[in-house]
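The values are calculated or read from the model by the stated rules, or taken from the named source; none is laboratory data. Values in this document were obtained by computation on a predicted structure and should not be read as measured data. Cβ placement follows ideal geometry from the backbone for every residue including glycine, while neighbour counts extend to all protein chains displayed. These area figures cover heavy atoms from the full protein model, side chains too; ligands, DNA and RNA do not enter into them. Shrake-Rupley method; radii C 1.70, N 1.55, O 1.52, S 1.80 Å.
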Amino acid sequence: MNRTTEMPVDAGAVARRVLEQGHPFPLKRDVAGIFDELIGSLFPQLATHPARDAEDLAQRIDEGCARFGRVAAPLTGRPAPELAGALLAALPAVHEQSLEDGATILAGDPAAESLDEVIAAYPGFLAIAAHRLAHAAHLLEVPIVPRLMAELAHSRSGVDIHPGATIGRSFCIDHATGIVIGESNVIGDEVKVYQGVTLGALSVSKDKGGTKRHPTIGDRVVIYANATVLGGDTTIGADSVIGGNVFLTSSVPPGSLVYQTPDYRVRRQRGGFDDSDFVI
């Protein structure tokens, strides 16, 4: 039997190799702290500890933005106060648009009893609010941090939205789980998306990374469960309905209804199987 001789590990060499990369990289826990501070401040229903009063809440918002500035500054070369101030200026729009999203979810879901319930308990709301915060950071051209925010929301809601995606007002995610929305998606106003929907890219080479790879979704479109829409040249026209399990790689005009016709087979006798019974 051949045996390999185990060589002692030189931890110093490993450490030097890691440090030679020389890239500042934020700790996930630091980004999670910023995320929780700001989301909990904007939406007290999601706060770990409720604010005592308006002064305490304002202090938390300031501290969350300041922490963002300190984490983002080494990644951008820009002053931390400048980055903190820029994010602070974006928060009113994040808050307003997220509340509109929540109101849209409430209006469209007979099971929802209040806006407080939607904010506190609906993963679709959390996914959208987190995206609006991460997108605001993305627009400041801060690397890494928006992506880590998006991954936090993904882990908590089951929804994977790239922070670069552009999403209009009154966006509704119903049931949430398994939704994927790619970086260059452009989604209009009053769009509703159900669980399992993928708005993705066709396979492209790495050098196409900066191009429009994901679809454009017009205003008031509804996309039902497990539908897949792919490609940067694909546009779903306004007021269209995309049925469940549809697979689309081409555009449809406004007002379209796209659906699959199910093919049912009813077995009329018991006993015996054919080959198709064993296809997995």
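Brief remarks on what is shown
- Applying the condition of being open to solvent by 30 Å² or more (accessible area, probe 1.4 Å), assigned to a helix (DSSP H, G or I) and among the acidic types (D, E) to segment 42-90 and asking which residue is nearest to A136 (Cα to Cα) yields E82.
- E100 being over 14 Å from the mean Cα position of the chain (by Cα), open to solvent by 50 Å² or more (accessible area, probe 1.4 Å) and either closer than 22 Å to D219 by Cα or among the aromatic types (F, W, Y) (or both): yes
- None of I173, I181 is open to solvent by less than 10 Å² (accessible area, probe 1.4 Å), touching a strand residue (DSSP E or B) at 6+ places or on another chain (Cβ under 8 Å) and under 22 Å from P110 (Cα atoms) except I173.
- Residues (closer than 14 Å to A130 by Cβ and either of a type in the set (K, R) or out of contact with any helix residue (DSSP H, G or I) (no Cβ under 7 Å at 6 or more places or on another chain) (or both)) located in segment 26-79: D36
- Candidates in segment 201-228 are the residues that are in contact with a Ser or Thr (Cβ under 7 Å, 6 or more places away or on another chain) and surrounded by fewer than 20 Cβ atoms within 10 Å (Cβ to Cβ); of these, the one that is modelled with the lowest pLDDT is L202.
- Sole exception among (1) over 9 Å from the mean Cα position of the chain (by Cα); (2) within 26 Å of R67 (Cα to Cα); (3) open to solvent by 40 Å² or more (accessible area, probe 1.4 Å) for H154, by number: (1)
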